[in-house]
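Let me begin by presenting the structure, written as structure tokens, before commenting on it.
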Amino acid sequence: MGKLRRSAQEIKMQEIRVEKRELKSPTRMGGIELHNETIIDLYIDRCASFSDFAVCWPELIRSCSGNGLYGIFTCYCGIPGCAGAERIEVRHRMRTVNWIMTFPWGRDRYCFEKRQYIDTIKACGASLNLEAYPLAVEEFLDFGVS
Ligand SMILES: [Zn+2]
């Protein structure tokens, strides 16, 4: 029991926030000009995180459903490798959702409270107005990504 409590305390939880942004004037993102489209901003501990990447909304939603490899980040041009994006290993635990991101230089791990993770994604989903502002990134393409 003491051991369990200690390991729970060692887990550093991060807060994730997911918000839509409707581009009402032409905006260059990752070298691509976007206009009248929705992009997804992702914040971890209130910092704009992974701002070099485009968020692939359908994959982010899917990551709520269970363990797997999800292409949450990609490039605005649609080719993940262009931005150096790889799929994220997502592991669901009883109360947490964990991300394991592999880069050529190593691994990054993130631990989110599951309820908070799902709530922020659901709230963002409910706010989307995709008829007026379609998603800038609609799918995670597989070219060059293992
Ligand atoms: Zn690109």
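Any read-out appearing in this document is the output of simple, stated calculations on the displayed coordinates, not a laboratory observation. Predicted model, so just to flag it, every value in this text is computed and none were measured. As a convention, Cβ positions derive from the backbone with ideal geometry for all residues, glycine included, and neighbour counts pool all protein chains shown.
Remark: segment 59-67, residue by residue, has Karplus-estimated 3J(HN,Hα) of 6, 5, 4, 4, 5, 6, 8, x, 4 Hz, where x stands for each Gly or Pro and the curve is 6.51 cos²θ - 1.76 cosθ + 1.60 at θ = phi - 60°.
Which of rounded, prolate or oblate describes the chain when judged by the alpha-carbon gyration tensor and an a/c cut-off of 1.5? The partial results should precede the final answer.
Values: a/c = 2.22, a/b = 1.59, b/c = 1.40.
Taking the square roots of the gyration eigenvalues as a ≥ b ≥ c, the chain is prolate.
Rounded to the nearest 500, the 222 nm mean residue ellipticity of the chain from helices alone is -6000 deg cm²/dmol, with -39,500 (n - 2.57) taken per DSSP H run of at least 4 residues.
Close amide H contacts of T96 (hydrogens built in the peptide plane, cut-off under 5 Å, sequence separation of 5 or more or a different chain): K114. Note on the chain: dipole from Cβ charges, positive end direction compared against I100, L135, L42; the farthest Cα belongs to I100.
Applied to segment 32-39, the Karplus parametrisation 6.51 cos²θ - 1.76 cosθ + 1.60 on θ = phi - 60° returns per-residue 3J(HN,Hα) values of 10, 8, 10, 7, 6, 10, 9, 10 Hz, with x for Gly and Pro. Taking Cα centre as origin and charging only the Cβ of basic (Lys, Arg, +1) and acidic (Asp, Glu, -1) residues, the dipole magnitude of the chain rounds to 980 debye. Taking square-rooted eigenvalues a ≥ b ≥ c of the alpha carbon gyration tensor, is segment 62-146 rounded, prolate or oblate, where a/c under 1.5 means rounded and, failing that, a/b exceeding b/c means prolate? Taking the square roots of the gyration eigenvalues as a ≥ b ≥ c, segment 62-146 is oblate.
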